[in-house]
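Comments concern the structure below.
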Amino acid sequence: MKNKIKEWLKSGQIDIFLGYKTLQGHPLPHAFGKDNLEDIDTLITGSNYYPLEKIATKLVAEKPDIKIGMITQDHSQRALNVLYIWNQLDPENIKPLKGDGCSSNLKEHADDSHREAGKSGQFKKQFGMNTHASIEEAEIFAQQERFQRWMYEFQKCIKCYGCRNICPVCFCKQCSLEHSNLIGTGSLPPEAPIYHLVRAVHMAGRCIDCGLCEEACPADIPLRLLYRKVNAIVTELFDYETGSRLDQSPFSIIGESITLKLKPIAAA
Ligand code: SF4
Ligand code: SF4
């Protein structure tokens, strides 16, 4: 793998390679360049918590023609597909290289363990929503109790923006979560549930279920469950499978950009 990356850099197929390197004892994202090919020998090929796709998006925003190689993991292709169809990255300029697999925590998120948790029938949190609950498990509660449980979770938020900052498919230059017309800026905690509903709506058709936001959340809010529910609605209504294919238009419900097949909704 390392020889292949060196070859890509030497031949000009890529300008940089995004991967991980241990710095001061911690594996951190690193951009390997052609000026120091020996540096590639320090590349760590396993995954880590940082979404390299997000770093690539930021680099391309600064330098649109840059050619980037990068280590990818299980969820990366879904993230790349979303970023391609939203024109944030050009597939012609990205060369993915499969890494050694997910780290243990991400692996836990990338498999179906949350569904098993749902089947267990056990609900551990007395007031809020379980972090690993399935949609089905969350929906065993009547609407009012569900609402109260979610509100309990939302009021724990300290508005650190960790969920937004780590998300590989959050790329807006002006973020609604900092817009005073939508969110009460300057207030802590953020007004519940506005902050979370604004983000959930923006994740419709974008969230690739990587679980990084939930990992980052210091308040243990089951963010992944929230966005999974939003995307389940999108799939049900619009037949849209986020990140699964490249031949989909960006999911949007604004004006003429509705190009999706609407499924008929059963009469009440
Ligand atoms: S799971 Fe969280 S971090 Fe991952 S894509 Fe969805 S919203 Fe973003
Ligand atoms: S990471 Fe958690 S605490 Fe921080 S803003 Fe997001 S939901 Fe709130």
**Fill in**
The number of residues in the stretch 67-89 that are part of a loop (DSSP other than H, G, I, E, B) and either surrounded by fewer than 15 Cβ atoms within 10 Å (Cβ to Cβ) or touching a strand residue (DSSP E or B) at 6+ places or on another chain (Cβ under 6 Å) (or both) is 1
**Message:** What are the pairs with Cβ atoms under 7 angstrom where one residue, in the stretch 192-206, is free of Cβ contacts under 8 Å to residues at least 24 places away in the same chain and more than 15 Å from PHE147 (Cα to Cα) and the other, located anywhere, is among the hydroxyl-bearing types (Ser, Thr, Tyr) and part of a helix (DSSP H, G or I)? Sequence gap at least six, or different chains.
**Reply:** VAL198/SER176
**Item:** Qualifying residue in the stretch 179-188 (condition: outside the structural domain of PRO29 (by TED's automatic domain parsing), within 16 Å of ligand 1 (Cβ to nearest atom) and not small (Gly, Ala, Ser))
**Value:** no
**Asked** Do we have ILE208 as more than 10 Å from ligand 2 (Cβ to nearest atom) and closer than 23 Å to SER76 by Cβ here?
**Response** yes
**Prompt:** Taking only pairs six or more apart or across chains, which ones have beta-carbon atoms under 8 Å, a first residue in the stretch 132-148 that is within 23 Å of GLU215 (Cα to Cα), and a second residue that is surrounded by fewer than 15 Cβ atoms within 10 Å (Cβ to Cβ) and hydroxyl-bearing (Ser, Thr, Tyr)?
**Reply:** HIS132/SER113
**Request:** Considering (1) farther than 26 Å from CYS217 by Cβ; (2) loosely packed, with under 15 Cβ neighbours inside 10 Å, say which one LYS2 fails and leave the rest.
**Result:** (2)
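The values are calculated or read from the model by the stated rules, or taken from the named source; none is laboratory data. No experiment lies behind these values; they were computed from the predicted model shown. In this analysis, Cβ positions are derived from the backbone assuming ideal geometry, glycine residues included, and neighbour counts consider all displayed protein chains.
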